[in-house]
Every structure is written in C-alpha cells, then in structure tokens.
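The next block holds one structure in the form of structure tokens; read it before the comments.
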Amino acid sequence: MAINRRLTTDPDFEEAVKRKYPVRVFKDDFIVNNGGTVIRFDDSIVVIQSSVSDLVYYTRAECEFFEVRKK
C-alpha cells in the first residue's frame, strides 16, 4: 500500500526534489500527472519530469501535489 503525503510548503518540495519520490498532481480534482518527479519549483511554478524529454510546468495555486511512497 502506498503512502501519500501532500506537498504544500517549500521544505516539502525541497525534500521531494532531494529524494526523487514519484509525485501525483491533481488539478480540478482530476489526476493530470502520475509518477513524475519534481526537478524544480518556486513560489508559483512546479516543474515535473516524467521522462528524459517530458517536462511539465504546473502552477502551485491551481494544483495539488502528493508525494507517493511505498511502504
């Protein structure tokens, strides 16, 4: 069973970048990305990389981010 942890603060995102756990991104209560890792963030944008050439930019205000860990 997986453990989901909401990423809301800058230290949460810093830990996600450091540990490279997979992330789920929700927008308007729908999953828009699953399994990518956070590679960069700032006050308004989070950058998720799903594969070598797949970078997606999400706004922190419009999306919810969850770190997914396996037990």
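The values are calculated or read from the model by the stated rules, or taken from the named source; none is laboratory data. In this text the structure is predicted, and so the values were computed from the model without any measurement. Here Cβ is always computed from backbone atoms with ideal geometry, including for glycine, and neighbour counts include all displayed protein chains.
Quick check on the stretch 17-31. Is at least one of its residues in contact with a Cys (Cβ under 8 Å, 6 or more places away or on another chain), exposed (fewer than 14 other Cβ atoms within 10 Å of the Cβ) and either closer than 18 Å to ASN4 by Cβ or hydrophobic (A, V, I, L, M, F, W, C) (or both)?
yes
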Quiz prompt | Conditions (1) assigned to a helix (DSSP H, G or I); (2) surrounded by 16 or more Cβ atoms within 10 Å (Cβ to Cβ); (3) among the acidic types (Asp, Glu); number of the one not met by GLU14 | solution = (2)
Exercise. Output the number of the condition that ARG5 fails; it satisfies all remaining conditions of (1) modelled with pLDDT under 95; (2) loosely packed, with under 12 Cβ neighbours inside 10 Å; (3) basic (Lys, Arg).
Key: (2)
Exercise. Quick one: in the stretch 57-71, of everything that is without any contact (Cβ under 8 Å) to a residue 24 or more places away in the chain and either of a type in the set (Val, Ile, Thr) or out of contact with any Ser or Thr (no Cβ under 9 Å at 6 or more places or on another chain) (or both), which residue is nearest to LEU7 (Cα to Cα)?
Key: THR59
